[in-house]
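Read the structure below first, then the notes.
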Amino acid sequence: MERSVFEIVKAPLGWSVFADNVKIGGVYDSRGAALEAATLAASYTISDGGGVQINVPGAQEEKPRWAVAFEIAAAILPTRSGRVRSGSR
């Protein structure tokens, strides 16, 4: 049997888990919660005789929720002058 790769990925409002490039589960509040979900899913693969690899990004890649929400809002909301906001200033 092959090795399955589980990826913990930063989502707009939390963390997601992907198994072999397919999203599994929901959105988790923290990297730790996503890791627990990935570990549980990986345990089924191990029980079936397969190998697993779990990738978790470092803490420096995690932004506070308010910062992510602000970036999303700033990208989609129009400015007072009616101009479209660009990513750079």
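The values are calculated or read from the model by the stated rules, or taken from the named source; none is laboratory data. All of these numbers come straight from a predicted model, not from anything done at the bench. Virtual Cβ from ideal backbone geometry, glycine too; neighbours counted across all protein chains shown. Ligands, DNA and RNA are stripped out before the accessible areas are found, and what is left, the full protein with its side chains, is counted by its heavy atoms. Shrake-Rupley method; radii C 1.70, N 1.55, O 1.52, S 1.80 Å.
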Q: Hey, can you grab everything whose amide H is under 5 Å from the amide H of G50? Only 5+ residues off in sequence or another chain; H modelled, so Pro and N-termini drop out.
A: none
Q: May I ask you to rank V5, V56 by accessible area, largest first, using a 1.4 Å probe over the protein chains only?
A: V56, V5
Q) Accessible surface of L77 in the full protein assembly, 1.4 angstrom probe, to the nearest 10 Å²? A) 100
**Q.** About the Cα centre, charge dipole magnitude for the range 1-72 (Lys/Arg +1, Asp/Glu -1 at Cβ), debye
**A.** 160
**Q.** Hz values of 3J(HN,Hα) by residue in the range 34-40 - Karplus curve (6.51, -1.76, 1.60), Gly and Pro given as x
**A.** 5, 5, 4, 5, 5, 5, 5
